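The structure appears right after this line, and notes come after that.
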Amino acid sequence: MSLCTLRRSSIRLAALRSQIIPAIPVSRPFAFAPIRTMSVPTTMKAVVVEQTGGPEVLQYKTSYPVPTPQEGQLLVRNNISGVNFIDTYFRTGLYSSPKPEVLGREGAGTVAAVGPNTSGFQVGDRVAWLANGGYAEYTAVPAAKTVKIPEGISDEDVMASFLSGMTVLSFVKETYPVQKGDWVLLHAAAGGAGFLMTQILKSIGAKVIGTAGGAEKCAIVKDLGADVVIDYRSEEGKDWVKLVKEATGGRGVDVVYDSVGKDTWEGSLEAVKRKGTIVWFGNASGPVPPIPLPKLSPKCVKIARPTLFGYIETREEFEYYTNELFTRLKSGELKVKIHKVYPLEQIAQVHTDLEGRKTMGKPLVKP
Ligand SMILES: NC(=O)c1ccc[n+]([C@@H]2O[C@H](COP(=O)([O-])OP(=O)(O)OC[C@H]3O[C@@H](n4cnc5c(N)ncnc54)[C@H](OP(=O)(O)O)[C@@H]3O)[C@@H](O)[C@H]2O)c1
């Protein structure tokens, strides 16, 4: 069956859905050309990874097939897509996923087609989604992980905070419920997730010790209201554990949010207080090695290794966190920082910049 025939038989387009004409049973082929409110080409620009490796394995293609939305899916024309550190893990193979693969875990744009038996959305809706395949002009995404973007919030602002912001919100609410007055150590505080987490922690009333690499990043973290900022790549900051102890009167912090991993995990264990918590949630410098459990005993330390997707599995959970995020964006309580919007063909450069610690805030790509 050709792509075209497949699409005709499986997609209910907006005008058909919205009932000027009674819905045509999906099993019956159209007797006439389908009415399209948005024309969908058969090929598109996309970045494909066929085998794991460095940024050079990101292949920019100009005539990649546009996917067909299946049951429960929407076809979204991406206006802008987020680039997250996790994309580099799937590229290198640190996290496994079937290849060939179009990377990119989030996008914002317009619904171009609605798959069969899919409700809640219409062609033309402005939406954001979390799934796979954001490095492309079009992505077929589950409606269950798609949300309409409220008026007054731009696609760019949503992409600068969607995956990262929901991660941060769920980790400070559920992984360790941060309380007013808690001392919190946050690594990579000027990064995509760190920039948002610093603000959210301060809004709760926590005392934040943010680490970042270099003067420019440290100035950003200070501006966000962090109580103590440590340049952990500077000569003085290399001994950041000592500085954290000093700042907390020798006690250590209530919780550490550590997404750097290999280079910081031992220091994080030293910097946490007795009965404190460490949340390891990323591998920017490499994964945390297996830790002998007795290492946790002397201070009765609790550890967690969460993932956002574990907190947004149900529609109710997903909507809870998207609402939390949109409310903060709309009120201006949460500011976003876009490192740069790169054209899709420069995706290898984005990965190089991310892994080279050159980004501040969130990098985005324009498909
Ligand atoms: N578990 C989850 O569900 C989840 C969800 C979202 C994000 N994450 C994790 O959160 C972290 C942040 O993600 P992000 O997309 O916002 O990235 P990001 O923070 O913008 O970029 C990573 C930052 O890590 C720091 N870093 C320290 N050592 C590094 C090294 N050897 N190589 C590269 N970077 C290093 C750098 O900041 P400095 O220069 O300031 O050191 C770098 O800018 C990642 O580890 C990601 O995997 C996890």
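The values are calculated or read from the model by the stated rules, or taken from the named source; none is laboratory data. None of the values given here were measured: they were computed from a predicted structure. FYI the Cβ positions are ideal-geometry reconstructions off the backbone, even for glycines, and counts take in every protein chain you see.
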Taking the stated definitions as given, is Glu216 farther than 20 Å from Leu334 by Cβ, modelled with pLDDT of 95 or more and either buried (at least 22 other Cβ atoms within 10 Å of the Cβ) or within 25 Å of the chain's Cα centre (by Cα) (or both)? yes
Can you run down the residue pairs with Cβ atoms below 8 Å, 6 or more apart or on separate chains, where the first is in region 199-226 and hydroxyl-bearing (Ser, Thr, Tyr) and the partner is assigned to a helix (DSSP H, G or I) and within 14 Å of the ligand (Cβ to nearest atom)? Thr211/Gly237; Thr211/Trp240
Ser119 meets each of (1) over 25 Å from Ser259 (Cα atoms); (2) outside any loop (DSSP other than H, G, I, E, B) with one exception, condition (2)
Region 343-366 residues that are farther than 26 Å from Thr198 by Cβ and among the basic types (Lys, Arg), paired with ones that are more than 8 Å from the ligand (Cβ to nearest atom) and in a loop (DSSP other than H, G, I, E, B) (beta carbon under 9 Å, 6 or more apart): none
Among what's in region 245-271 and is of a type in the set (A, V, I, L, M, F, W, C) and within 13 Å of the ligand (Cβ to nearest atom), pick the residue that is surrounded by the most Cβ atoms within 10 Å (Cβ to Cβ). Val260
Hits in region 299-319 - residues which are away from the ligand (no atom under 16 Å from the Cβ) and either within 28 Å of Asp157 (Cα to Cα) or surrounded by fewer than 17 Cβ atoms within 10 Å (Cβ to Cβ) (or both): Lys299, Cys300, Lys302, Thr314, Arg315, Glu316, Glu319
When both residues are 6+ apart or on different chains and their Cβ atoms are under 9 Å apart, which pairs have a first residue that lies in region 280-301 and is more than 26 Å from Arg91 (Cα to Cα) and at pLDDT 95 or above, and a second that is assigned to a loop (DSSP other than H, G, I, E, B) and of a type in the set (Val, Ile, Thr)? Lys295/Val301
I need the full set of residues from region 223-244 which are surrounded by fewer than 17 Cβ atoms within 10 Å (Cβ to Cβ) and of a type outside the set (Gly, Ala, Ser), in order please. Asp223, Asp227, Arg233, Glu235, Glu236, Lys238, Asp239, Lys242
With out of contact with any Pro (no Cβ under 7 Å at 6 or more places or on another chain), in a helix (DSSP H, G or I) and without any contact (Cβ under 8 Å) to a residue 12 or more places away in the chain as the only criterion, which of Glu266, Glu313 stands out? Glu266
(1) within 16 Å of the ligand (Cβ to nearest atom); (2) of a type outside the set (Val, Ile, Thr); (3) touching a Phe, Trp or Tyr at 6+ places or on another chain (Cβ under 8 Å) all hold for Glu324 apart from (3)
Scan of region 272-298 for residues that are outside any loop (DSSP other than H, G, I, E, B) and away from the ligand (no atom under 16 Å from the Cβ), ordered by number: Val272, Lys273, Arg274, Lys275, Gly276, Leu293, Pro294, Lys295, Leu296
